[in-house]
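Right, one structure below, let's go through it.
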Amino acid sequence: MALDFSLSRESEAYLEFVVGLKTYTQKAANGPIQARYNQVAQKWATDTGRTPETLEEVAPLVAPDDGYKFNRLVSRKSQEMMWNGIIAAYVRRAPELLAELNQPEPSPWGSLTLDPDFRYPEYYEQFEYHIQPGSYQSHDFGAVIYNMGQQVYNLRTNNKAENMRAVVRAFPPPVSSDPTQIRILDMGCGFGTTTWPFFELYPQAQIYGIDLAAPLLKLAYKRAQMLELPAHFSQQSVEKTNFPSGSFDLILAHALFHELPKASLRQVIAEAYRLLKPGGTLIDSDVPPYKELTPFGRYLSDWQTRHNGEPYWRSTLHELSVIELFREAGFTEVSERGLGMGHLAPKFPWLVIGCKEQE
Amino acid sequence: MASDELKLERPHKLPRPVYLDDARLDKIMGAVLEMAAQLYVLHDRQRALEAVLKQHGIEVEAEISRFEPSPEWLAARKQERDAFIERLLHDFFEE
């Protein structure tokens, strides 16, 4: 049976309105609000003899603007409305949807391994990611909500699927020449939207997805059944997996690193290095780091950290340099570039690519 | 598991930031947006309804002026009204 995430006409309309709020808010921030900032920044430059660069320098030029304040309030509110609207849309159908999600393995497509003793790390439990009530790990219903949340956040376009295809195409050829021996790992696979494109490019490969959140993995596995794709999902800490060293040709971490505190991020990159075959490739695909943004864009992006349930956004995208962490972990042939496909930022998704040296 | 057992609270692990220098203003703006959303939902519904009825040859305006609601219909509206008001005013009464 298929999971039916269809919405009532009312819920469709409500969420379309939320999409409208998000679209307009972003447009206004990048339009008139940025234009006013530019004027103030110009004056600041005349006074000081240089342009404002740091967050601390930009803040007093943007934060007092009433339009900016309202804009950020609506942005925050649109995110709250998004979650509330999605919860309202599905709450009556929750028993049916959850029964479907927890249905025992109906076909031989792939596998799901959950760890009943799994303990979520403190950094993960401390906040609600994306301010989703209950986050996505506290209840199976969290997966149902997050699934639609991601669609609304992507403004109900197919951008995500297209982005992921482009990310997967950015990998250099796998180490193994035998297509059945190619092994691929999707770290922080969530409910699998980042996993499926690998099957298009490497249909005979052995494809694995790991994540912390059991509800998301259940949904990923359910989808694998529906799509008839043999993906192997397991609940594991991304910092320390149970795969043997040298297991994988390609490892993807999409939108994972900005969800990790500094110590974890270093561990995850080291773990990916351990898991790669010599000659294998790790790609971190994420929103662009602050250094790639204008001072105003940087300030706007930074808002996510404290206001949109992205507690580690600033530390990953600003305070650390992921490409430097790749080098520290031992990666050679390290490079970075933006694919420039997203509505979220002009350089989204931003790729950091590292190869493990051939032996 | 019954849906009413779901513990889905508003984001609570971090306090909600204040945007307009006064949290009360934030809440009013929130209510305005919520009302706007509901208004849009109604608007969408109305348009959809009119389109559907027209496909069946029904002229809505004349039909509505002849419509007499049943007690069940009125009870259902009351329930919807209460839920709407709760959604509208909830934030004002928190803390």
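Ignoring ligands, DNA and RNA, what percent of the 1.4 Å accessible area of the protein assembly as shown is carbon and sulfur?
55
Working out 0.36 nm times the residue gap between A:Ser177 and A:Thr23, then minus their Cα-Cα distance, what length gain in nm do you get to one decimal?
50.9 nm
If you take every DSSP beta bridge whose two residues both sit in the protein assembly as shown, what share of them, in percent to the nearest 5, is antiparallel?
The answer is about 35 percent antiparallel.
With contacts defined as alpha carbon pairs under 8 Å and 6 or more residues apart, what's the relative contact order of the range A:218-359 in percent?
Reported as a whole number, the value is 25 percent.
Which lysines have a Cα lying under 27 Å from the Cα of A:Lys347, excluding residues fewer than 8 positions away in the same chain?
Excluding near neighbours in sequence, the set is A:Lys22, A:Lys27, A:Lys69, A:Lys77, A:Lys160, A:Lys262, A:Lys291, A:Lys356.
Give the percent of DSSP beta bridges with both residues in the range A:123-273 that are antiparallel, rounded to the nearest 5.
In the range A:123-273, approximately 5 percent of DSSP beta bridges are antiparallel ones.
Would you rank A:Thr316, A:Thr180, A:Thr113 by solvent-accessible area, highest first, keeping every protein chain in place and using a 1.4 Å probe?
Ranked from most to least accessible, the order is A:Thr113, A:Thr180, A:Thr316.
Once the Cβ-Cβ distance between A:Gln150 and B:Leu53 is put in as r, and R0 is 35 Å, what FRET efficiency do you end up with, to the nearest 0.05?
0.50
Normalising by the residue count of chain A, find the relative contact order in percent from Cα pairs under 8 Å and 6+ residues apart.
Reported as a whole number, the value is 16 percent.
Run the quick spin-label model on A:Tyr123 and B:Ser65: label points 7 Å from Cα toward the beta carbon, then report their separation in nm to one decimal.
Between A:Tyr123 and B:Ser65, the label points sit 6.8 nm apart.
How compact is the range A:1-67 by the rule of thumb for globular proteins, expressed as Cα Rg over 2.2 N^0.38 Å?
Here the Cα radius of gyration is 1.82 times the empirical estimate.
Considering just Cα atoms, how many Å³ per residue does the convex hull of the range A:240-317 enclose?
86
For the B and A pair, go ahead and give the buried accessible area with a 1.4 Å probe, both sides summed, in Å² to 100.
Buried: approximately 3000 Å² between A and B.
Taking amide H atoms as placed 1.01 Å from N in the peptide plane, list the residues 5 or more away in sequence, or in a different chain, whose amide H sits under 5 Å from that of A:Gly209.
Result for A:Gly209 returns A:Asp186, A:His232, A:Phe233, A:Ser234.
Let me know the mean shielding of A:10-17 by other chains, meaning the per-residue number of their Cβ atoms within 10 Å of its Cβ.
Partner-chain Cβ atoms within 10 Å, mean over residues of A:10-17: 5.
So what's the range A:153-285 giving for Rg/Rh, alpha carbon basis, Kirkwood Rh from the mean inverse pair distance?
Rounded to two decimals, Rg over Rh is 0.94.
Taking each residue of A:77-90 in turn, how many C-beta atoms of other protein chains fall within 10 Å of its C-beta, and what is the average?
That works out to 3 on average.
Using 7 Å Cα-to-Cβ label points, what is the A:Ala170/A:Asp115 separation (nm, one decimal)?
According to this spin-label approximation, the distance is 2.9 nm.
Please list, short to long, the whole-number percent of alpha-carbon pairs of the range A:274-359 in consecutive 5 angstrom bins beginning at zero.
So the P(r) values, bin by bin, are 3, 15, 22, 22, 17, 11, 7, 3, 1, 0.
Separation between the A:Asp47 and A:Ala35 pseudo-spin-labels, each 7 Å from Cα along Cα→Cβ, expressed in nm?
2.3
When DSSP beta bridges are limited to those with both residues in the range A:223-359, what percentage is antiparallel, rounded to the nearest 5?
Among the beta bridges of the range A:223-359, antiparallel pairing accounts for roughly 65 percent.
If exposed means no more than 15 neighbouring beta carbons inside 10 Å and the site is in a DSSP loop, what's the longest run of chain A without any exposed trypsin sites (Lys or Arg not before Pro)?
A:157-359
Considering every Cα-Cα pair within chain A, what fraction, in whole percent, is farther apart than 40 Å?
Across chain A, Cα pairs with separations above 40 Å total 15 percent.
Rounded to the nearest 500 deg cm²/dmol, what is the calculated helix-only ellipticity per residue at 222 nm for chain A, with -39500 (n - 2.57) per DSSP H run of length n ≥ 4?
Result for chain A, helices only: -14000 deg cm²/dmol.
In square angstrom, what is the accessible area per residue of the range A:285-359 with a 1.4 angstrom probe?
Accessible area per residue: 43 Å².
Might you report the magnitude of the Cβ-based charge dipole of the protein assembly as shown about its Cα centre, with Lys and Arg at +1 and Asp and Glu at -1, to the nearest 20 debye?
720
The values are calculated or read from the model by the stated rules, or taken from the named source; none is laboratory data. Note that the coordinates shown come from a computational prediction; the quantities given were computed from them, not determined experimentally. Counting neighbours? That spans all protein chains shown, and the Cβs are built from the backbone with ideal geometry, glycine included. SASA here: full protein model, heavy atoms, side chains in, ligands and nucleic acids out. Shrake-Rupley method; radii C 1.70, N 1.55, O 1.52, S 1.80 Å.
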